[in-house]
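Below: one structure, written as structure tokens.
Values in this text are rule-based calculations from the coordinates and carry no lab data. Because the structure is a prediction, the values reported are computed rather than measured. Using ideal geometry, Cβ is built from the backbone for each residue, glycine included, and neighbour counts are taken over all protein chains shown.
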Amino acid sequence: MSNMNCRKFEITLVSANDLSNVRTFGRMKVYAEVSIGGEPNTVKRTPADMKGETNPNWKFKIEYTLGEKAVKQGDVDLTIKLYCKRSLLSDKYVGEVNMSLKELFKKRKSSERTTSIKVKRNDAVDPRGTLVISYNFGKRIGVPRPSKWERALVAGAKILVEGTIFLFLGADIEIPIFS
């Protein structure tokens, strides 16, 4: 069994400043949702800041193990979406930042790096607000690659479970443990 070259990636969502107020009534309670390459199984979320409103403060650390290719290819993005938590209605989109992992890796230093990025809304022309993050790429590590049998077993189990759910419920549901 061979190893895959990977790196630890730590990102701390520090704070955001001067975000758009998307609430008509009530207080802004902003949280961030982080994902790698748009993959649903990579989504991680901060707790909502209950006090800062348009200037939330989290200082929340998230860790990933990334394949070396994802870090160096240039076509894999780190996406951070900001939402306002609401009690009765669905949470409201505030804005987002998208950054290439390759660009972040190029800008890294030997220690943690802090940077500010403009927050964009897909329905607004001008960015509104700034997100402050710090991040660090660890040294290259070898992670055991699953054998062909393990991958085949997981793929078969996924088809069996999701097919059974579809057959009995008529619902096309993706099971996250198999992603």
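Listing for the model above:
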quantity: Cross-link partners of LYS158 among lysines (Cα-Cα below 19 Å; sequence separation of 8 or more within a chain); calculated: LYS148
quantity: Segment 1-156, Rg to Rh (Cα coordinates; Rh as Kirkwood inverse mean 1/r); calculated: 1.04
quantity: 0 to 90° range, to nearest 10: angle between helix 148-169 axis and the chain longest Cα axis; calculated: 70
quantity: Ordering of 89-95, 157-163, 15-21 by burial proxy (mean other Cβ atoms within 10 Å per residue, highest first); calculated: 15-21, 89-95, 157-163
quantity: Residues whose placed amide H lies under 5 Å from that of GLY74, excluding near-sequence neighbours; calculated: LYS102
quantity: Net charge, MET99 excluded, C-beta distance under 13 Å - Lys, Arg +1, Asp, Glu -1; calculated: +4
quantity: The chain, helix-only ellipticity at 222 nm - DSSP H runs n ≥ 4, -39,500 (n - 2.57), divided by all residues, nearest 500; calculated: -6000 deg cm²/dmol
quantity: Table column - 3J(HN,Hα) (Hz), segment 24-29, Karplus curve with 6.51, -1.76, 1.60, x for Gly and Pro; calculated: 8, 10, x, 8, 6, 10
